[in-house]
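Novice: Before I ask anything, here is the structure I am working with.
Coordinate-derived values only; no laboratory data. The model shown is predicted, which means the values in this text are computed figures rather than measured ones. When we count neighbours, we look across all protein chains shown, and the Cβ atoms used for this are built from the backbone with ideal geometry, even at glycine.
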Amino acid sequence: MSTSTQAPPTQAQSFFVKAQYIKDLSFENPHAPQSLIATNLRPTIEVNVDLKAQAIQENLYEMTLHIASRAVVEGSTLFLVDLAYAGIFQVTGVSQENVEPLILIDCPFVLFPFARRVIADVTRDGGFPPLMLDPIDFHALYLQNREKQSALAS
């Protein structure tokens with residue numbers, strides 16, 4: 001009589017967006033109405049991106065994409081926009097070592113087009129041309145942050 005051992009059934013991998021939302025939004029137009037008077041000078045646009053993730057419960061994570069931008073012309077701030085756009089993601093059947101990259105690369109990739117639209121809308125509603133952010137390489141950002149963490153740890 002032969003016995004065979006069967007591997008336990010593996011759980012199918014799944015990735016769902018359960019919710020997405022504006023967590024915090026700020027827009028400042030500190031020199032209005034003077035900042036809205038047409039100028040021939042092109043502003044310098046500074047953009048900073050930060051990611052925060054946290055486990056909410058088993059297989060459920062919140063990822064917050066924080067984008068801060070400032071437009072400056074001749075040393076004067078035209079506008080400041082600060083957005084924290086978040087999503088709740090359900091991840092199942094993914095190995096533990098793959099959860100972090102999934103949350104910090106794929107989740108912000110899913111959220112970015114919506115955050116980009118919010119920023120474009122709010123800058124347009126603030127009286128300026130819509131700020132259309134360039135796409136962000138979240139994989140490169142993840143690798144850069146990992147290198148920084150490794151350097152700090154050594």
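Novice: Pick out, from HIS66, ILE22, VAL118, the residue whose Cα sits farthest towards the positive end of the charge dipole of region 14-148, with +1 on the Cβ of Lys and Arg and -1 on the Cβ of Asp and Glu.
Specialist: Of the options given, the answer is VAL118.
Novice: About its Cα centre, how strong a charge dipole does the chain have in debye, to the nearest 20, once Lys and Arg get +1 and Asp and Glu get -1 at the Cβ?
Specialist: Values: 10 positive and 16 negative charges, 32 e Å.
Computed about the Cα centre, the dipole is about 160 debye.
Novice: Arrange the peptides 108-121, 39-52 so that the one whose residues have, on average, the most other Cβ atoms within 10 Å appears first.
Specialist: 108-121, 39-52
Novice: Treat the count of other C-beta atoms within 10 Å as a stand-in for reagent exposure and order MET63, MET132 from fewest to most.
Specialist: Numbers: MET63 23, MET132 11.
Going from least to most buried by this count: MET132, MET63.
Novice: As a footprinting exposure proxy, order ASP134, ASP82 by other Cβ within 10 Å, with the fewest listed first. Mind dumping the intermediate values first?
Specialist: Details: ASP134 7, ASP82 16.
Fewest to most other Cβ atoms nearby, the residues stand as ASP134, ASP82.
Novice: Along the Cα→Cβ direction, 7 angstrom out, place labels at ASP137 and VAL99. What is the inter-label distance in nm?
Specialist: Going from the ASP137 label point to the VAL99 one covers 2.9 nm.
Novice: Let me ask another. Starting from 0.36 nm per residue, how many nanometres of slack lie between ALA68 and ASP50 once their C-alpha separation is accounted for?
Specialist: Working: separation 18, 0.36 × 18 = 6.48 nm, distance 0.87 nm.
Taking 0.36 nm per residue and subtracting the Cα distance, the gain is 5.6 nm.
Novice: A further question on this structure: So, how do all the Cα-to-Cα distances of region 56-126 break down into 5 Å bins, in percent, from 0 on up?
Specialist: 3, 14, 22, 17, 13, 11, 8, 6, 4, 2, 0
Novice: From Cα pairs below 8 angstrom and at least 6 apart in sequence, can you work out the relative contact order of region 14-148, rounded to a whole percent? Write out the running numbers ahead of the final one.
Specialist: Working: 224 pairs, mean separation 36.0, N = 135.
Answer for region 14-148 is 27 percent.
Novice: Okay, next question. Along Cα→Cβ, 7 Å out, is where each label goes; now give me the distance between the ones at ARG117 and GLU58 in nm to one decimal.
Specialist: Reported label-point gap for ARG117 and GLU58 is 3.5 nm.
Novice: What does the convex hull of the alpha-carbon atoms of the chain project to on average, in nm²? Walk me through the numbers before you get to the answer.
Specialist: On the way: hull surface 54.3 nm².
If I average the Cα hull's projected area over directions, I get 13.6 nm².
Novice: Tell me, TYR21, TYR85 in order of fewest to most beta-carbon neighbours within 10 Å?
Specialist: Values: TYR21 13, TYR85 24.
Listing TYR21, TYR85 from fewest to most nearby Cβ atoms yields TYR21, TYR85.
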